[in-house]
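Everything on this sheet refers to the single structure shown next.
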Amino acid sequence: MIVKDLSNSFYPCPKNKIPTKNTKKEVLKEIKKQKKELELDFCIMPKSTKYSTVRTKKYSERHEVFFSKAYRMKSIKDGLIVFLTEEMHRGDFGVHGKNGDKLNRYLKKVAQKAWMDYYKKTEEDFRKRYGKLTVDKEKKNGR
Ligand SMILES: [Zn+2]
């Protein structure tokens, strides 16, 4: 057998810092969780010039479209992620940047449509899963 399972060769992304107060067991559990999470690069977003739907060298930063604590994992599971350059992700005009509101809103709008199309759901289904007025309520301090 030539094909080797490489899934255990990748380590969690360093930006996901592990709180130091955790016990060793908790840390290991957290690493496992993050690893699993990082393997999910499933994306249902339509292709666009504003982002990439696959991870590339240039578009190396994954952004969860609904990145607040309550919705981040749902975003990942549902494929509502995009890949951005460092600048588009964390720069001043990046989605988390101080001038990033427009891009943030745009991504959420596109994501809602993609989600309803892909899962054959209604706007109400969407609101049930991602909350009412998600765009307006969400703060820019997530990842
Ligand atoms: Zn992000």
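The values are calculated or read from the model by the stated rules, or taken from the named source; none is laboratory data. Small disclaimer: the values here were computed from a predicted structure and weren't measured. Using ideal geometry, Cβ is built from the backbone for each residue, glycine included, and neighbour counts are taken over all protein chains shown.
Residues of the stretch 63-77 that are within 16 Å of Val95 (Cα to Cα) and in contact with an Asp or Glu (Cβ under 7 Å, 6 or more places away or on another chain): Ser68, Arg72, Ser75. Going through (1) in contact (Cβ under 8 Å) with a residue 24 or more places away in the chain; (2) crowded, with 17+ Cβ neighbours inside 10 Å one by one, Phe126 falls short only on (1).
All of (1) within 13 Å of the ligand (Cβ to nearest atom); (2) surrounded by fewer than 17 Cβ atoms within 10 Å (Cβ to Cβ); (3) touching a residue at least 60 places away in the same chain (Cβ under 8 Å); (4) not hydrophobic (A, V, I, L, M, F, W, C) hold for Glu87 with one exception: (3).
Quickly run through the stretch 51-65 and pick out the residues that are out of contact with any His (no Cβ under 7 Å at 6 or more places or on another chain) and either of a type outside the set (Ser, Thr, Tyr) or surrounded by 15 or more Cβ atoms within 10 Å (Cβ to Cβ) (or both). Hits for the stretch 51-65 are Tyr51, Ser52, Thr53, Val54, Arg55, Lys57, Lys58, Tyr59, Arg62, Glu64, Val65. When Ser75, Ser48, Ser68 are checked against the criterion of being surrounded by 15 or more Cβ atoms within 10 Å (Cβ to Cβ), in contact (Cβ under 8 Å) with a residue 40 or more places away in the chain and hydroxyl-bearing (Ser, Thr, Tyr), a single residue qualifies: Ser68.
Which one of these is basic (Lys, Arg) and either within 10 Å of the ligand (Cβ to nearest atom) or at pLDDT 95 or above (or both): Lys69, Lys77, Lys58?
On inspection, the qualifying residue turns out to be Lys58.
Within the stretch 85-137, the set of residues being at pLDDT 95 or above and aliphatic (A, V, I, L, M) comprises Met88, Val95, Leu103, Leu107, Val110, Ala111, Ala114, Met116.
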